[in-house]
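The values are calculated or read from the model by the stated rules, or taken from the named source; none is laboratory data. From a predicted model like this one, the values you see are computed outputs, not experimental measurements. Glycine also receives a Cβ, built like all others from the backbone with ideal geometry; neighbour counts cover every protein chain displayed. Calculation scope for accessible area: heavy atoms of the full protein, side chains included, ligands and nucleic acids excluded. Shrake-Rupley method; radii C 1.70, N 1.55, O 1.52, S 1.80 Å.
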Amino acid sequence: MTDGGEARGRHATTYGQGFGGVVLWTVLGSFVPGVGLIMAGRRALGGLVLALNVLLVAGLGVALYIAGLKGIIDFAASPSRIVVAAAVLLVLVLLWALVVLGTHASLRRYAHLTLPQRVMSSGLVVAIVALVLIPAARVADYSRIYKDSVSSIFATGVDDTTGKNPNVAKANPWADIPRVNVLMLGSDAGSDRTGVRTDTVIVASIDTKTGRTVLFSLPRNLQGVPFPAGTQQAADYPSGYRCPDQSCMLNALWQFGVEHRAQYYSKAKSDWSAGYTAVKQGVEQTLGLTIDTYAIVDMKGLQQFVDAVGGVTVPVTEKLAIGGAHDGNGNVTQYPKAYLKPGIQHLDGYYAMWYARSRFNTDDYSRMTRQRCLIGYVLDQTDPMDVLRSFPGIAKAAKGNIKTGIPLDSLSAWADLALRVKSGGVSSLAFTNKVLGSTADPDFPYIQEKVQAAITAPVKASPTVTPSASASPGATKTPTPSSSPTDVPAGEAASLKDVCAPVG
(Lines give C-alpha, C1' and ligand atoms only; values in the text may rest on other atoms or scores of the structure.)
Protein backbone atom coordinates (compact mmCIF):
# COMPACT_ATOMS: atom_id res chain seq x y z
CA MET A 1 0.00 0.00 0.00
CA THR A 2 1.23 3.53 -0.72
CA ASP A 3 0.89 6.53 1.58
CA GLY A 4 -2.30 7.39 -0.32
CA GLY A 5 -3.76 4.00 0.49
CA GLU A 6 -3.99 2.87 -3.15
CA ALA A 7 -2.33 -0.31 -4.36
CA ARG A 8 0.10 -0.01 -7.27
CA GLY A 9 -0.60 -2.10 -10.35
CA ARG A 10 1.79 -5.01 -10.69
CA HIS A 11 2.96 -3.64 -14.08
CA ALA A 12 3.46 -0.06 -12.83
CA THR A 13 6.92 1.34 -13.32
CA THR A 14 9.06 2.47 -10.46
CA TYR A 15 10.10 5.53 -12.51
CA GLY A 16 8.47 8.87 -12.92
CA GLN A 17 6.72 9.17 -9.58
CA GLY A 18 8.15 12.62 -8.81
CA PHE A 19 7.27 15.98 -10.37
CA GLY A 20 10.23 15.84 -12.76
CA GLY A 21 9.32 12.37 -13.95
CA VAL A 22 5.68 13.31 -14.53
CA VAL A 23 6.71 16.32 -16.60
CA LEU A 24 9.39 14.41 -18.53
CA TRP A 25 7.21 11.47 -19.51
CA THR A 26 4.20 13.67 -20.25
CA VAL A 27 6.27 15.65 -22.75
CA LEU A 28 7.86 12.53 -24.26
CA GLY A 29 4.48 10.84 -24.42
CA SER A 30 3.16 13.84 -26.33
CA PHE A 31 5.88 13.64 -28.97
CA VAL A 32 5.78 9.83 -29.17
CA PRO A 33 2.28 8.74 -28.13
CA GLY A 34 2.35 5.50 -26.15
CA VAL A 35 5.72 5.72 -24.37
CA GLY A 36 4.24 7.73 -21.49
CA LEU A 37 1.50 5.15 -20.98
CA ILE A 38 4.10 2.37 -20.92
CA MET A 39 6.12 4.20 -18.27
CA ALA A 40 2.93 4.73 -16.25
CA GLY A 41 2.35 0.99 -16.11
CA ARG A 42 -0.30 0.76 -18.85
CA ARG A 43 1.96 -1.31 -21.04
CA ALA A 44 -0.62 -3.05 -23.21
CA LEU A 45 -2.51 0.13 -24.02
CA GLY A 46 0.75 2.08 -24.45
CA GLY A 47 2.19 -0.57 -26.77
CA LEU A 48 -0.96 -0.51 -28.91
CA VAL A 49 -0.93 3.29 -29.16
CA LEU A 50 2.79 3.29 -29.98
CA ALA A 51 2.35 0.65 -32.69
CA LEU A 52 -0.56 2.52 -34.26
CA ASN A 53 1.47 5.74 -34.18
CA VAL A 54 4.44 4.09 -35.94
CA LEU A 55 2.16 2.55 -38.57
CA LEU A 56 0.42 5.89 -39.18
CA VAL A 57 3.68 7.83 -39.61
CA ALA A 58 5.26 5.12 -41.76
CA GLY A 59 2.15 4.80 -43.91
CA LEU A 60 2.00 8.55 -44.47
CA GLY A 61 5.69 8.62 -45.41
CA VAL A 62 5.28 5.78 -47.90
CA ALA A 63 2.17 7.41 -49.39
CA LEU A 64 3.98 10.71 -49.89
CA TYR A 65 6.96 8.93 -51.45
CA ILE A 66 4.77 7.00 -53.87
CA ALA A 67 2.64 10.02 -54.74
CA GLY A 68 5.60 12.32 -55.36
CA LEU A 69 5.23 15.99 -56.18
CA LYS A 70 2.61 15.38 -58.86
CA GLY A 71 0.47 13.36 -56.48
CA ILE A 72 0.68 16.09 -53.85
CA ILE A 73 -0.35 18.69 -56.44
CA ASP A 74 -3.24 16.50 -57.59
CA PHE A 75 -4.39 16.16 -54.01
CA ALA A 76 -4.09 19.87 -53.23
CA ALA A 77 -6.04 20.71 -56.39
CA SER A 78 -9.13 18.93 -55.05
CA PRO A 79 -11.08 21.08 -52.56
CA SER A 80 -13.21 18.10 -51.49
CA ARG A 81 -10.13 16.02 -50.69
CA ILE A 82 -8.65 18.92 -48.73
CA VAL A 83 -11.79 19.22 -46.61
CA VAL A 84 -11.87 15.46 -45.93
CA ALA A 85 -8.17 15.44 -45.07
CA ALA A 86 -8.65 18.37 -42.69
CA ALA A 87 -11.53 16.57 -40.98
CA VAL A 88 -9.42 13.40 -40.60
CA LEU A 89 -6.55 15.48 -39.22
CA LEU A 90 -8.84 17.10 -36.67
CA VAL A 91 -10.12 13.70 -35.52
CA LEU A 92 -6.56 12.37 -35.18
CA VAL A 93 -5.54 15.43 -33.18
CA LEU A 94 -8.51 14.98 -30.85
CA LEU A 95 -7.51 11.34 -30.33
CA TRP A 96 -3.92 12.46 -29.70
CA ALA A 97 -5.19 14.96 -27.11
CA LEU A 98 -7.07 12.16 -25.33
CA VAL A 99 -3.87 10.09 -25.28
CA VAL A 100 -1.90 13.02 -23.81
CA LEU A 101 -4.54 13.61 -21.13
CA GLY A 102 -4.72 9.89 -20.36
CA THR A 103 -0.93 9.63 -20.19
CA HIS A 104 -0.68 12.52 -17.76
CA ALA A 105 -3.49 11.17 -15.56
CA SER A 106 -1.83 7.73 -15.46
CA LEU A 107 1.56 9.19 -14.53
CA ARG A 108 0.02 11.16 -11.66
CA ARG A 109 -1.80 8.18 -10.13
CA TYR A 110 1.01 7.40 -7.71
CA ALA A 111 2.98 10.63 -7.89
CA HIS A 112 3.34 12.69 -4.72
CA LEU A 113 2.89 16.26 -5.93
CA THR A 114 2.39 19.44 -3.99
CA LEU A 115 -0.49 21.74 -4.90
CA PRO A 116 1.74 24.13 -6.94
CA GLN A 117 3.25 21.12 -8.76
CA ARG A 118 -0.20 19.76 -9.60
CA VAL A 119 -1.25 23.16 -10.94
CA MET A 120 1.96 23.48 -12.98
CA SER A 121 1.72 19.98 -14.44
CA SER A 122 -1.95 20.51 -15.36
CA GLY A 123 -1.05 23.82 -17.01
CA LEU A 124 1.69 22.05 -18.97
CA VAL A 125 -0.79 19.52 -20.37
CA VAL A 126 -3.27 22.22 -21.33
CA ALA A 127 -0.50 24.16 -23.10
CA ILE A 128 0.72 21.08 -25.00
CA VAL A 129 -2.78 20.19 -26.18
CA ALA A 130 -3.57 23.80 -27.13
CA LEU A 131 -0.35 24.17 -29.13
CA VAL A 132 -1.49 21.35 -31.43
CA LEU A 133 -5.28 21.55 -31.25
CA ILE A 134 -5.54 25.26 -32.13
CA PRO A 135 -3.44 24.98 -35.34
CA ALA A 136 -5.38 21.84 -36.32
CA ALA A 137 -8.66 23.69 -35.89
CA ARG A 138 -7.25 26.52 -38.00
CA VAL A 139 -6.26 24.06 -40.74
CA ALA A 140 -9.83 22.76 -40.74
CA ASP A 141 -11.14 26.31 -41.03
CA TYR A 142 -8.65 27.06 -43.82
CA SER A 143 -9.89 24.03 -45.73
CA ARG A 144 -13.42 25.41 -45.60
CA ILE A 145 -12.24 28.83 -46.79
CA TYR A 146 -10.24 27.15 -49.55
CA LYS A 147 -13.23 25.15 -50.75
CA ASP A 148 -15.51 28.21 -50.77
CA SER A 149 -12.94 30.34 -52.59
CA VAL A 150 -12.18 27.72 -55.22
CA SER A 151 -15.89 27.18 -55.85
CA SER A 152 -16.30 30.92 -56.38
CA ILE A 153 -13.28 31.28 -58.67
CA PHE A 154 -14.05 28.30 -60.92
CA ALA A 155 -17.86 28.48 -61.00
CA THR A 156 -18.04 31.00 -63.85
CA GLY A 157 -20.42 29.36 -66.28
CA VAL A 158 -18.99 31.01 -69.40
CA ASP A 159 -20.18 29.03 -72.42
CA ASP A 160 -17.72 30.24 -75.09
CA THR A 161 -14.77 27.86 -74.72
CA THR A 162 -12.58 25.89 -77.12
CA GLY A 163 -12.90 22.66 -75.16
CA LYS A 164 -9.11 22.31 -75.25
CA ASN A 165 -8.78 20.78 -71.80
CA PRO A 166 -5.89 18.63 -70.53
CA ASN A 167 -6.49 14.91 -70.16
CA VAL A 168 -6.00 14.42 -66.42
CA ALA A 169 -6.16 10.63 -66.84
CA LYS A 170 -2.80 10.64 -68.64
CA ALA A 171 0.61 10.78 -67.01
CA ASN A 172 1.24 13.90 -69.10
CA PRO A 173 -2.13 15.71 -69.27
CA TRP A 174 -0.79 18.11 -71.92
CA ALA A 175 0.59 15.49 -74.31
CA ASP A 176 -2.07 16.24 -76.93
CA ILE A 177 -2.04 20.03 -76.45
CA PRO A 178 1.25 21.59 -77.63
CA ARG A 179 0.23 25.19 -76.82
CA VAL A 180 -2.43 26.85 -74.71
CA ASN A 181 -3.40 30.54 -74.75
CA VAL A 182 -4.81 32.20 -71.64
CA LEU A 183 -6.55 35.57 -71.80
CA MET A 184 -5.81 37.59 -68.65
CA LEU A 185 -8.05 40.59 -68.08
CA GLY A 186 -7.85 43.31 -65.45
CA SER A 187 -11.07 45.17 -64.75
CA ASP A 188 -10.55 48.84 -63.91
CA ALA A 189 -14.06 49.45 -62.61
CA GLY A 190 -14.95 52.54 -60.61
CA SER A 191 -17.73 54.92 -59.59
CA ASP A 192 -17.11 56.96 -62.75
CA ARG A 193 -17.40 53.92 -65.03
CA THR A 194 -20.37 52.33 -66.77
CA GLY A 195 -20.19 48.54 -66.66
CA VAL A 196 -16.97 46.53 -66.92
CA ARG A 197 -13.87 48.14 -68.48
CA THR A 198 -11.04 45.73 -69.29
CA ASP A 199 -8.13 48.16 -69.11
CA THR A 200 -5.58 45.36 -68.75
CA VAL A 201 -5.48 42.85 -71.62
CA ILE A 202 -2.68 40.28 -71.60
CA VAL A 203 -2.49 36.92 -73.35
CA ALA A 204 -0.15 34.24 -71.98
CA SER A 205 0.85 31.83 -74.75
CA ILE A 206 2.34 28.73 -73.13
CA ASP A 207 4.39 25.96 -74.72
CA THR A 208 3.05 23.06 -72.67
CA LYS A 209 6.10 20.88 -73.27
CA THR A 210 8.82 23.31 -72.18
CA GLY A 211 6.76 25.76 -70.14
CA ARG A 212 8.21 28.67 -72.13
CA THR A 213 5.66 31.48 -72.01
CA VAL A 214 5.22 34.71 -73.94
CA LEU A 215 3.01 37.50 -72.57
CA PHE A 216 1.33 39.69 -75.19
CA SER A 217 0.03 42.98 -73.81
CA LEU A 218 -2.49 45.05 -75.77
CA PRO A 219 -3.25 48.75 -75.15
CA ARG A 220 -6.68 49.63 -73.79
CA ASN A 221 -7.17 52.33 -76.46
CA LEU A 222 -6.68 50.04 -79.47
CA GLN A 223 -9.22 50.99 -82.16
CA GLY A 224 -10.55 49.15 -85.18
CA VAL A 225 -10.40 45.75 -83.50
CA PRO A 226 -11.73 43.25 -86.08
CA PHE A 227 -14.80 41.11 -85.55
CA PRO A 228 -14.82 37.45 -86.68
CA ALA A 229 -15.38 37.07 -90.41
CA GLY A 230 -18.89 35.99 -91.34
CA THR A 231 -20.55 37.41 -88.22
CA GLN A 232 -23.26 40.06 -88.25
CA GLN A 233 -21.10 42.48 -86.29
CA ALA A 234 -18.33 42.12 -88.89
CA ALA A 235 -20.85 43.02 -91.59
CA ASP A 236 -22.09 46.01 -89.58
CA TYR A 237 -18.54 47.14 -88.74
CA PRO A 238 -16.50 46.40 -91.90
CA SER A 239 -13.61 48.58 -90.64
CA GLY A 240 -13.57 46.93 -87.23
CA TYR A 241 -14.85 48.29 -83.95
CA ARG A 242 -14.83 52.04 -84.63
CA CYS A 243 -16.96 55.04 -83.68
CA PRO A 244 -16.91 58.64 -84.93
CA ASP A 245 -16.06 59.90 -81.43
CA GLN A 246 -13.18 57.36 -81.13
CA SER A 247 -14.75 55.80 -78.02
CA CYS A 248 -14.89 52.33 -79.60
CA MET A 249 -11.68 51.03 -78.06
CA LEU A 250 -10.58 47.59 -76.91
CA ASN A 251 -11.50 48.30 -73.29
CA ALA A 252 -15.09 49.09 -74.32
CA LEU A 253 -15.70 45.77 -76.11
CA TRP A 254 -17.01 44.08 -72.95
CA GLN A 255 -19.77 46.65 -72.57
CA PHE A 256 -20.45 46.42 -76.32
CA GLY A 257 -21.09 42.70 -75.89
CA VAL A 258 -23.42 43.29 -72.96
CA GLU A 259 -25.41 46.02 -74.70
CA HIS A 260 -25.66 44.07 -77.98
CA ARG A 261 -26.17 40.62 -76.51
CA ALA A 262 -29.53 40.04 -78.25
CA GLN A 263 -28.26 41.42 -81.56
CA TYR A 264 -24.80 39.82 -81.86
CA TYR A 265 -24.29 37.35 -78.99
CA SER A 266 -27.65 35.62 -78.68
CA LYS A 267 -26.01 32.29 -77.77
CA ALA A 268 -24.50 33.80 -74.63
CA LYS A 269 -26.24 32.58 -71.47
CA SER A 270 -25.64 35.81 -69.54
CA ASP A 271 -24.54 39.42 -69.95
CA TRP A 272 -21.22 38.43 -68.37
CA SER A 273 -20.70 35.73 -70.98
CA ALA A 274 -21.64 38.11 -73.81
CA GLY A 275 -19.12 40.69 -72.58
CA TYR A 276 -16.35 38.13 -72.26
CA THR A 277 -17.10 36.66 -75.69
CA ALA A 278 -16.86 40.07 -77.34
CA VAL A 279 -13.44 40.73 -75.78
CA LYS A 280 -12.20 37.21 -76.46
CA GLN A 281 -13.12 37.37 -80.15
CA GLY A 282 -11.56 40.82 -80.51
CA VAL A 283 -8.28 39.66 -78.96
CA GLU A 284 -8.25 36.54 -81.15
CA GLN A 285 -8.73 38.59 -84.30
CA THR A 286 -6.05 41.05 -83.20
CA LEU A 287 -3.32 38.56 -82.26
CA GLY A 288 -4.20 35.71 -84.61
CA LEU A 289 -4.35 33.29 -81.66
CA THR A 290 -7.16 31.09 -80.41
CA ILE A 291 -7.97 31.85 -76.77
CA ASP A 292 -8.48 28.65 -74.80
CA THR A 293 -9.39 29.98 -71.36
CA TYR A 294 -9.14 33.09 -69.22
CA ALA A 295 -8.43 34.63 -65.82
CA ILE A 296 -10.04 37.91 -64.77
CA VAL A 297 -9.18 40.02 -61.71
CA ASP A 298 -10.50 43.44 -60.70
CA MET A 299 -8.53 46.16 -58.97
CA LYS A 300 -10.24 45.54 -55.63
CA GLY A 301 -8.93 41.98 -55.69
CA LEU A 302 -5.41 43.22 -56.51
CA GLN A 303 -5.51 45.68 -53.61
CA GLN A 304 -6.70 43.05 -51.13
CA PHE A 305 -4.15 40.51 -52.32
CA VAL A 306 -1.19 42.87 -51.90
CA ASP A 307 -2.42 43.83 -48.42
CA ALA A 308 -2.79 40.15 -47.53
CA VAL A 309 0.86 39.34 -48.36
CA GLY A 310 2.19 42.38 -46.52
CA GLY A 311 2.73 44.77 -49.43
CA VAL A 312 5.19 44.86 -52.30
CA THR A 313 8.43 46.76 -52.88
CA VAL A 314 8.70 48.43 -56.30
CA PRO A 315 11.03 50.90 -58.03
CA VAL A 316 8.89 53.93 -58.87
CA THR A 317 10.78 55.37 -61.85
CA GLU A 318 8.49 58.35 -62.51
CA LYS A 319 6.06 60.57 -60.62
CA LEU A 320 2.70 58.76 -60.56
CA ALA A 321 -0.62 60.43 -59.83
CA ILE A 322 -3.10 58.93 -57.39
CA GLY A 323 -6.47 59.69 -58.91
CA GLY A 324 -7.12 62.47 -61.37
CA ALA A 325 -8.95 62.42 -64.67
CA HIS A 326 -9.25 64.19 -68.05
CA ASP A 327 -12.17 64.60 -70.42
CA GLY A 328 -12.09 63.60 -74.07
CA ASN A 329 -10.38 66.87 -75.00
CA GLY A 330 -7.58 66.47 -72.48
CA ASN A 331 -8.98 68.96 -69.98
CA VAL A 332 -8.56 68.13 -66.30
CA THR A 333 -11.88 67.14 -64.72
CA GLN A 334 -10.41 65.89 -61.44
CA TYR A 335 -7.04 66.68 -59.94
CA PRO A 336 -4.93 63.94 -58.30
CA LYS A 337 -5.24 63.37 -54.55
CA ALA A 338 -1.50 62.82 -54.20
CA TYR A 339 1.52 61.40 -56.03
CA LEU A 340 3.84 58.43 -55.72
CA LYS A 341 7.34 59.88 -55.77
CA PRO A 342 10.26 58.29 -57.67
CA GLY A 343 12.34 55.87 -55.63
CA ILE A 344 12.24 52.35 -54.27
CA GLN A 345 9.15 52.12 -52.10
CA HIS A 346 7.24 49.50 -50.14
CA LEU A 347 3.58 49.86 -51.12
CA ASP A 348 0.42 48.59 -49.48
CA GLY A 349 -2.50 47.38 -51.58
CA TYR A 350 -4.00 50.83 -52.18
CA TYR A 351 -0.78 52.38 -53.45
CA ALA A 352 0.18 49.24 -55.40
CA MET A 353 -3.18 49.50 -57.17
CA TRP A 354 -2.39 53.08 -58.16
CA TYR A 355 1.13 52.09 -59.21
CA ALA A 356 -0.54 49.73 -61.70
CA ARG A 357 -3.48 51.99 -62.55
CA SER A 358 -2.11 55.55 -62.71
CA ARG A 359 -2.02 57.32 -66.09
CA PHE A 360 -3.05 60.91 -65.27
CA ASN A 361 0.42 62.29 -66.03
CA THR A 362 1.82 59.28 -67.93
CA ASP A 363 0.43 57.21 -70.81
CA ASP A 364 -1.15 53.83 -71.42
CA TYR A 365 2.16 52.32 -72.48
CA SER A 366 3.89 53.23 -69.24
CA ARG A 367 0.96 51.73 -67.37
CA MET A 368 1.11 48.53 -69.44
CA THR A 369 4.74 48.09 -68.40
CA ARG A 370 4.02 48.80 -64.74
CA GLN A 371 1.19 46.27 -64.70
CA ARG A 372 3.36 43.50 -66.09
CA CYS A 373 6.24 44.39 -63.78
CA LEU A 374 4.02 44.49 -60.70
CA ILE A 375 3.06 40.87 -61.36
CA GLY A 376 6.76 39.98 -61.46
CA TYR A 377 7.57 41.92 -58.27
CA VAL A 378 4.78 40.25 -56.31
CA LEU A 379 5.82 36.78 -57.51
CA ASP A 380 9.49 37.41 -56.68
CA GLN A 381 8.79 38.77 -53.20
CA THR A 382 6.11 36.33 -52.07
CA ASP A 383 7.35 32.99 -50.72
CA PRO A 384 5.19 29.97 -49.76
CA MET A 385 5.30 30.85 -46.05
CA ASP A 386 3.93 34.33 -46.82
CA VAL A 387 1.09 32.73 -48.72
CA LEU A 388 0.39 30.27 -45.88
CA ARG A 389 0.35 32.98 -43.20
CA SER A 390 -1.79 35.24 -45.38
CA PHE A 391 -4.14 32.57 -46.68
CA PRO A 392 -7.45 33.91 -45.24
CA GLY A 393 -6.76 37.37 -46.70
CA ILE A 394 -5.69 35.94 -50.04
CA ALA A 395 -8.83 33.79 -50.18
CA LYS A 396 -10.95 36.84 -49.39
CA ALA A 397 -9.26 38.76 -52.19
CA ALA A 398 -9.84 35.90 -54.63
CA LYS A 399 -13.47 35.25 -53.77
CA GLY A 400 -15.66 37.43 -55.95
CA ASN A 401 -12.68 39.28 -57.45
CA ILE A 402 -11.05 36.54 -59.54
CA LYS A 403 -12.73 34.40 -62.17
CA THR A 404 -11.28 31.76 -64.45
CA GLY A 405 -12.53 29.44 -67.16
CA ILE A 406 -10.24 26.59 -66.07
CA PRO A 407 -12.43 23.57 -65.18
CA LEU A 408 -12.08 22.56 -61.55
CA ASP A 409 -11.37 18.94 -62.49
CA SER A 410 -8.38 20.14 -64.57
CA LEU A 411 -6.83 22.17 -61.76
CA SER A 412 -4.11 19.60 -61.00
CA ALA A 413 -2.98 19.64 -64.64
CA TRP A 414 -2.78 23.43 -64.61
CA ALA A 415 -0.79 23.33 -61.38
CA ASP A 416 1.64 20.97 -63.10
CA LEU A 417 1.84 23.35 -66.07
CA ALA A 418 2.59 26.23 -63.70
CA LEU A 419 5.70 24.37 -62.53
CA ARG A 420 6.80 24.00 -66.15
CA VAL A 421 6.26 27.72 -66.74
CA LYS A 422 8.42 28.52 -63.70
CA SER A 423 11.31 26.52 -65.14
CA GLY A 424 10.64 27.43 -68.79
CA GLY A 425 10.81 31.19 -68.31
CA VAL A 426 8.54 34.09 -69.21
CA SER A 427 9.13 36.72 -71.89
CA SER A 428 6.95 39.64 -72.82
CA LEU A 429 5.94 41.66 -75.86
CA ALA A 430 3.89 44.81 -75.30
CA PHE A 431 2.22 46.37 -78.32
CA THR A 432 3.06 49.95 -77.41
CA ASN A 433 3.13 52.97 -79.68
CA LYS A 434 6.75 52.10 -80.53
CA VAL A 435 5.52 48.84 -82.06
CA LEU A 436 2.12 49.88 -83.39
CA GLY A 437 2.91 53.41 -84.47
CA SER A 438 -0.74 54.35 -83.95
CA THR A 439 -3.50 52.74 -81.87
CA ALA A 440 -6.09 54.55 -84.00
CA ASP A 441 -5.05 52.77 -87.19
CA PRO A 442 -3.07 49.65 -86.23
CA ASP A 443 -1.60 47.22 -88.75
CA PHE A 444 -3.19 43.94 -87.62
CA PRO A 445 -1.27 41.66 -90.05
CA TYR A 446 1.94 43.19 -88.65
CA ILE A 447 0.77 42.49 -85.09
CA GLN A 448 0.08 38.87 -85.94
CA GLU A 449 3.46 38.55 -87.64
CA LYS A 450 5.17 39.77 -84.46
CA VAL A 451 3.13 37.34 -82.37
CA GLN A 452 4.24 34.35 -84.42
CA ALA A 453 7.85 35.54 -84.39
CA ALA A 454 7.79 35.84 -80.58
CA ILE A 455 6.30 32.38 -80.14
CA THR A 456 8.86 30.69 -82.39
CA ALA A 457 11.92 32.79 -81.47
CA PRO A 458 14.76 31.05 -79.60
CA VAL A 459 15.20 31.93 -75.93
CA LYS A 460 17.72 34.70 -75.33
CA ALA A 461 19.83 34.80 -72.18
CA SER A 462 19.19 37.81 -69.96
CA PRO A 463 22.18 40.12 -69.38
CA THR A 464 23.61 40.27 -65.89
CA VAL A 465 22.56 43.36 -63.94
CA THR A 466 24.55 44.42 -60.90
CA PRO A 467 22.05 45.23 -58.15
CA SER A 468 22.44 48.14 -55.80
CA ALA A 469 21.98 47.86 -52.05
CA SER A 470 18.55 46.66 -50.99
CA ALA A 471 16.18 49.17 -49.46
CA SER A 472 14.48 48.45 -46.18
CA PRO A 473 10.67 48.31 -46.17
CA GLY A 474 9.19 51.77 -46.37
CA ALA A 475 12.46 53.33 -47.50
CA THR A 476 12.64 55.67 -50.47
CA LYS A 477 15.66 56.36 -52.63
CA THR A 478 16.37 57.53 -56.13
CA PRO A 479 17.08 54.61 -58.49
CA THR A 480 20.67 54.41 -59.68
CA PRO A 481 21.54 54.04 -63.38
CA SER A 482 22.08 50.30 -62.78
CA SER A 483 18.41 50.05 -61.79
CA SER A 484 17.22 50.90 -65.29
CA PRO A 485 15.67 48.16 -67.42
CA THR A 486 17.54 46.89 -70.42
CA ASP A 487 16.66 48.50 -73.76
CA VAL A 488 14.81 45.97 -75.93
CA PRO A 489 14.23 46.49 -79.68
CA ALA A 490 10.62 47.40 -80.41
CA GLY A 491 8.54 44.44 -81.49
CA GLU A 492 10.73 41.78 -79.87
CA ALA A 493 9.75 39.68 -76.87
CA ALA A 494 12.02 40.07 -73.85
CA SER A 495 12.33 38.61 -70.38
CA LEU A 496 10.46 40.54 -67.69
CA LYS A 497 13.83 40.95 -65.95
CA ASP A 498 15.00 42.87 -69.01
CA VAL A 499 11.89 45.06 -69.09
CA CYS A 500 11.41 45.85 -65.39
CA ALA A 501 13.82 47.78 -63.18
CA PRO A 502 15.19 45.65 -60.31
CA VAL A 503 14.09 46.46 -56.77
CA GLY A 504 17.55 46.35 -55.22
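Taking the criterion of being modelled with pLDDT of 85 or more and touching a Ser or Thr at 6+ places or on another chain (Cβ under 8 Å), would at least one residue in the stretch 326-340 satisfy it?
The answer is yes, given that some residue of the stretch 326-340 is modelled with pLDDT of 85 or more and touching a Ser or Thr at 6+ places or on another chain (Cβ under 8 Å).
Answer yes or no as to whether residue 408 is open to solvent by 60 Å² or more (accessible area, probe 1.4 Å) and among the aliphatic types (A, V, I, L, M).
Yes, satisfied.
Can you tell me which residue in the stretch 126-142 is most open to solvent (accessible area, probe 1.4 Å), limited to those that are farther than 26 Å from residue 23 by Cα and without any contact (Cβ under 8 Å) to a residue 24 or more places away in the chain?
By that ranking, first place goes to 138.
Please specify each residue of the stretch 313-348 satisfying the condition of being among the acidic types (Asp, Glu), out of contact with any helix residue (DSSP H, G or I) (no Cβ under 9 Å at 6 or more places or on another chain) and touching a residue at least 24 places away in the same chain (Cβ under 8 Å).
Result: no residue meets the conditions.
Any residue at all in the stretch 300-311 that's of a type in the set (S, T, N, Q), within 16 Å of the chain's Cα centre (by Cα) and open to solvent by 20 Å² or more (accessible area, probe 1.4 Å)?
Checked the stretch 300-311: at least one residue is of a type in the set (S, T, N, Q), within 16 Å of the chain's Cα centre (by Cα) and open to solvent by 20 Å² or more (accessible area, probe 1.4 Å).
Specify which of the listed residues (367, 420) is at pLDDT 75 or above and either closer than 30 Å to residue 223 by Cα or outside any helix (DSSP H, G or I) (or both).
It is 367.
Take residue 282 and decide whether it is of a type in the set (Gly, Ala, Ser), modelled with pLDDT of 90 or more, farther than 25 Å from residue 355 by Cα and surrounded by 16 or more Cβ atoms within 10 Å (Cβ to Cβ). If you could, list the steps in order and put the result at the bottom.
Working: of a type in the set (Gly, Ala, Ser): yes; modelled with pLDDT of 90 or more: yes; farther than 25 Å from residue 355 by Cα: yes; surrounded by 16 or more Cβ atoms within 10 Å (Cβ to Cβ): yes.
Yes.
Would you tally the residues in the stretch 38-51 being surrounded by 14 or more Cβ atoms within 10 Å (Cβ to Cβ) and in a helix (DSSP H, G or I)?
Looking only at that region, the number is 8.
Considering only the stretch 91-109, how many residues are in contact with a Gly (Cβ under 9 Å, 6 or more places away or on another chain) and either open to solvent by 50 Å² or more (accessible area, probe 1.4 Å) or farther than 14 Å from residue 25 by Cα (or both)?
Here the count works out to 1.
I'd like the full set of residues that are at pLDDT 90 or above and either among the small types (Gly, Ala, Ser) or farther than 28 Å from residue 201 by Cα (or both), limited to the stretch 441-479.
453, 454, listed by residue number.
Within the stretch 352-364, does at least one residue satisfy the condition of being outside any strand (DSSP E or B), under 16 Å from the mean Cα position of the chain (by Cα) and among the β-branched types (Val, Ile, Thr)?
Scanning the stretch 352-364, I find no residue that is outside any strand (DSSP E or B), under 16 Å from the mean Cα position of the chain (by Cα) and among the β-branched types (Val, Ile, Thr), so the answer is no.
Would you say residue 283 is outside any loop (DSSP other than H, G, I, E, B) and closer than 30 Å to residue 497 by Cβ?
So residue 283 fits the description; yes.
Which residues, taken from the stretch 292-351, are farther than 18 Å from residue 393 by Cα and of a type in the set (Lys, Arg)?
Matches in the stretch 292-351: 319, 337, 341.
Out of curiosity, is residue 276 open to solvent by less than 10 Å² (accessible area, probe 1.4 Å), closer than 18 Å to residue 198 by Cα and touching a residue at least 24 places away in the same chain (Cβ under 8 Å)?
Yes; evaluated as a whole, the condition is true for this residue.
For the stretch 206-230, enumerate the residues that are open to solvent by 40 Å² or more (accessible area, probe 1.4 Å), touching a helix residue (DSSP H, G or I) at 6+ places or on another chain (Cβ under 9 Å) and over 30 Å from residue 413 (Cα atoms).
Selection gives 229 alone.
Name the single residue that is modelled with the lowest pLDDT among those in the stretch 65-82 being of a type outside the set (Phe, Trp, Tyr) and open to solvent by 90 Å² or more (accessible area, probe 1.4 Å).
Within the stretch 65-82, the subset of a type outside the set (Phe, Trp, Tyr) is 66-74, 76-82.
Remaining after also requiring open to solvent by 90 Å² or more (accessible area, probe 1.4 Å): 66, 69, 81.
On the way: 66: 82, 69: 64, 81: 80.
So, considering only residues that are of a type outside the set (Phe, Trp, Tyr) and open to solvent by 90 Å² or more (accessible area, probe 1.4 Å), the one modelled with the lowest pLDDT is 69.
Report yes if some residue within the stretch 326-340 is farther than 30 Å from residue 263 by Cβ and either in a helix (DSSP H, G or I) or under 28 Å from the mean Cα position of the chain (by Cα) (or both); otherwise report no.
yes
Given the condition open to solvent by 70 Å² or more (accessible area, probe 1.4 Å) and closer than 30 Å to residue 246 by Cβ, answer yes or no: does some residue in the stretch 374-396 qualify?
Yes, there is a match, as at least one residue in the stretch 374-396 is open to solvent by 70 Å² or more (accessible area, probe 1.4 Å) and closer than 30 Å to residue 246 by Cβ.
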